[in-house]
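Below: the structure, in structure tokens.
The values are calculated or read from the model by the stated rules, or taken from the named source; none is laboratory data. Predicted model, so just to flag it, every value in this text is computed and none were measured. Here the Cβ is made from the backbone with ideal geometry for all residues, glycine too, and neighbour counts use every protein chain on show. These area figures cover heavy atoms from the full protein model, side chains too; ligands, DNA and RNA do not enter into them. Shrake-Rupley method; radii C 1.70, N 1.55, O 1.52, S 1.80 Å.
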Amino acid sequence: MKSISILGSTGSIGTQTLEVARWRGYEVAALGAGKNLDLLLEQVQMFKPKLVACDKTVAAQLEPQLPTGTKLVPGPEGLEEVAQYPVNSVVAAISGSAGLKSTVAALKAGQHVALANKEAMVVAGPLVWEVARKHGGTITPVDSEHSALFQCLVGEQKSAVDKLVLTASGGPFRLKPHDLSQVTPEQALKHPNWAMGAKVTIDSSTLFNKGLEVLEAHYLFELPLRQIEVVIHPQSLIHSLVRFQDGNIKAQIGPHDMRLPIHYALEYPKRPQIPLEPLDLKGTWELHEPDTKRFPCLSLAYQAGEMGGVAPCALNAADEVAVEAFLAKRIAYTDIAKLLEQSLEQLENIPLSWDAIEETDKLTRRLLT
Ligand code: MG
């Protein structure tokens, strides 16, 4: 029986991973979560993990309700302990820069990581690979676009790749309203195709999520930014494509259901059957050029990638601050891009290191709040 652990078990990817675990009968050996006590307790009682980590503020309430044989490890150290607990696969699904440390801890322990936390690659890609290679850790992407690219690249040589083409739904505001400054959090939280957490849903609507994914692809597949393109595909059925030097193009297609890429990352290279309806191929499939004037966040991500160093880290921190402020109705929708631009303008860029990342993250948040 395959054993897994989940960092971020109460989030969108975490809960869907547990559904996949039920399909396949995996042993869920360790769970790490934040403050969602009720859901975590439900998960712990159902899967009876050996180890569970949660935020320190809810640890005292969780402890007396744990089943016998489940050990509680509170706080950020607890998440690292979950990451290191020996399993077949660690699903790294804590969103944002908060997920970086535990993802790295898993790789340092030589684990296989099913990577849903894109920020680890975005802010620290080369350093993450260094750790993985040194300690024998391996990475399979969970992000649907990167899973698609990974699947298209199986059996191919990297030198044969012309372009990685990431698809983007374009979000709810692709065509309207004309004036984006009036967009409310409620409107931005309604994604046309995917059900996801709040931060990534807002990021999808501004195309910043695609910007993060461009950077993620750049570092994950270790290809230059000029070989990475974005195409708008409102139906979200083609999850990404690879153009090869010989003119052939491979695309990966499937229903927009995150359980598929999660399942693939955990079962690769096998493709066992799953209890889902097959995709109906009939219908209209569109592909369009992204509108970077209307959605400048995508271009800003390319810009940060070209700058290198800690620029992607600063941009990512700025977006976390900006989205939080927008959700709390402190800034307008169009101010998100302005804050991102500001973070790059005021950045004194330095070479990438773990210390530089921590400093830049802190400094950017301080300057923008
Ligand atoms: Mg994605």
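For (1) outside the structural domain of I94 (by TED's automatic domain parsing); (2) at pLDDT 95 or above; (3) open to solvent by 30 Å² or more (accessible area, probe 1.4 Å); (4) under 22 Å from V200 (Cα atoms), each residue gets a yes or a no:
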residue: G305; (1), (2), (3), (4): yes, yes, no, yes
residue: D319; (1), (2), (3), (4): yes, yes, no, yes
residue: A325; (1), (2), (3), (4): yes, yes, no, yes
residue: I331; (1), (2), (3), (4): yes, yes, yes, yes
residue: E341; (1), (2), (3), (4): yes, yes, yes, yes
residue: N349; (1), (2), (3), (4): yes, yes, yes, no
residue: S353; (1), (2), (3), (4): yes, yes, yes, no
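For the stretch 215-249, which positions are closer than 19 Å to L127 by Cβ and in contact (Cβ under 8 Å) with a residue 12 or more places away in the chain?
Listed by number, the residues that qualify are L215, E216, A217, H218, Y219, L220, F221, E222, L223, L225.
Residue by residue, here is whether (1) more than 16 Å from the ligand (Cβ to nearest atom); (2) more than 27 Å from E286 (Cβ to Cβ); (3) open to solvent by less than 10 Å² (accessible area, probe 1.4 Å) holds:
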position	(1), (2), (3)
S95	no, yes, no
S102	yes, yes, yes
K108	yes, yes, no
G125	yes, yes, yes
Q151	no, no, no
A160	yes, yes, no
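Take the stretch 1-47 and flag every residue that is touching a residue at least 60 places away in the same chain (Cβ under 8 Å) and surrounded by fewer than 16 Cβ atoms within 10 Å (Cβ to Cβ).
Hits for the stretch 1-47 are K2, E19, W23, R24.
Going through A98, A30 one at a time, which residue ends up being at negative phi and out of contact with any helix residue (DSSP H, G or I) (no Cβ under 8 Å at 6 or more places or on another chain)?
It is A98.
Of all residues being at pLDDT 95 or above and among the basic types (K, R) in the stretch 182-235, which is farthest from the ligand (Cβ to nearest atom)? Just the residue, please.
Ranking the candidates gives R226 first.
From E19, E80, E42, grab the single residue that is over 17 Å from the mean Cα position of the chain (by Cα), within 26 Å of P269 (Cα to Cα) and acidic (D, E).
E19
Could you tell me how many of the residues in the stretch 130-149 are away from the ligand (no atom under 16 Å from the Cβ) and more than 16 Å from A120 (Cα to Cα)?
Looking only at that region, the number is 3.
Inside the stretch 245-278, can you point out the residues that are open to solvent by 60 Å² or more (accessible area, probe 1.4 Å), modelled with pLDDT of 95 or more and under 24 Å from the mean Cα position of the chain (by Cα)?
Correct list: K250, I253, Y268, P269, K270, R271.
Considering the stretch 355-369 alone, what residues qualify as being among the hydrophobic types (A, V, I, L, M, F, W, C) and either surrounded by fewer than 17 Cβ atoms within 10 Å (Cβ to Cβ) or outside any helix (DSSP H, G or I) (or both)? Can you show your working first?
Taking the stretch 355-369 and keeping what is among the hydrophobic types (A, V, I, L, M, F, W, C), we get 356-357, 363, 367-368.
L367 - this is the single residue of the stretch 355-369 that is among the hydrophobic types (A, V, I, L, M, F, W, C) and either surrounded by fewer than 17 Cβ atoms within 10 Å (Cβ to Cβ) or outside any helix (DSSP H, G or I) (or both).
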